[in-house]
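Data block below; observations after.
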Amino acid sequence: MNGYELNVSVIDEAGYDAAMLGISFNKDQDIENMPAVAERLAFKDGGHNKFLEQIMLWMVVRAPRYVWQEMDTYRLSSKSSQSTMHTILKNQLTVTNFECGDIADVYLRTLNSILDRGDLVTLKRKLPEGFMQKRMWMMSYKTLRNLILQRRGHRLPHWKHFIESVLYQVQHPELLPGSFKKSIS
């Protein structure tokens with residue numbers, strides 16, 4: 001993957017039907033017409049697309065620490081992490097714990113020596129930015145929309161991969177920027 005790693009798995013979505021019902025209240029129309037209305041409203045700001053806040057998305061993301069620092073910008077979301085506090089002292093570290101597996105053997109031995117002593121604080125201080133961490137990330141389509149608009153041209157290639165992966169996996173990509181229609185077969 002061009003020298004970087006990031007994996008995204010969308011595991012659940014909820015709220016689409018309720019969001020369509022809410023739009024029908026404002027439009028005083030049958031709910032069957034709301035998907036087409038939603039597609040038009042999704043790209044309008046100023047409160048017109050607030051129904052996107054009601055559609056929730058859960059995904060498992062495995063990314064290096066330096067990418068998570070940027071992902072934490074999106075505070076209108078919730079994350080449960082593979083906590084280093086509770087997991088890092090359980091097993092020896094291997095190259096698979098790091099992005100691209102390009103950590104030097106001598107550095108890996110140093111980290112494992114610290115791990116063997118049970119020195120959590122020193123180990124956390126010494127972890128490189130390429131240390132991989134898995135998190136469950138929950139957000140609304142509205143937060144995802146903002147993320148896509150703000151990060152689609154970002155210098156870190158991880159963002160492009162993240163956006164493409166999510167757009168491919170979500171149930172309603174037509175409501176998001178850069179989307180494509182999935183063929184239903």
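The values are calculated or read from the model by the stated rules, or taken from the named source; none is laboratory data. Quick caveat: nothing in here was measured; it's all calculated off a predicted structure. Ideal geometry is used to build each Cβ from the backbone, glycine not excepted, and the neighbour counts take in all protein chains shown.
Counting the residues of the range 144-162 that are assigned to a helix (DSSP H, G or I), touching a Pro at 6+ places or on another chain (Cβ under 9 Å) and closer than 21 Å to LYS44 by Cβ gives 3. Looking at the range 1-42, which of the residues that are aromatic (Phe, Trp, Tyr) and surrounded by 13 or more Cβ atoms within 10 Å (Cβ to Cβ) is nearest to the chain's Cα centre (by Cα)? Within the range 1-42, the match that is nearest to the chain's Cα centre (by Cα) is TYR4.
Here the helices (runs of 4 or more DSSP H) wholly within the range 1-85 that include at least 1 residues being modelled with pLDDT of 90 or more are 16-27, 34-41.
Among residues of the range 5-24 that are of a type in the set (Asp, Glu), those with a Cβ under 7 angstrom from a residue that is surrounded by fewer than 17 Cβ atoms within 10 Å (Cβ to Cβ), sequence gap 6+ or separate chain, pair up as GLU5/CYS100; ASP12/TRP58; GLU13/GLN171. Scanning the range 107-138 for residues that are within 20 Å of TYR4 (Cα to Cα) and in a helix (DSSP H, G or I) yields a count of 2. Pairing each residue of the range 47-74 that is under 17 Å from LEU149 (Cβ atoms) with any residue that is among the polar types (S, T, N, Q) and modelled with pLDDT of 90 or more, provided the two are 6+ apart or on different chains, yields C-beta distances under 6 Å for GLU53/SER140; TYR74/THR143. Among the residues of the range 166-178, some residue qualifies, meaning at least one is at pLDDT 95 or above, among the hydroxyl-bearing types (Ser, Thr, Tyr), under 19 Å from the mean Cα position of the chain (by Cα) and surrounded by fewer than 19 Cβ atoms within 10 Å (Cβ to Cβ). Could you list, in sequence order, the residues of the range 140-150 that are free of Cβ contacts under 8 Å to residues at least 40 places away in the same chain and crowded, with 17+ Cβ neighbours inside 10 Å? Listed by number, the list holds a single entry, ILE148.
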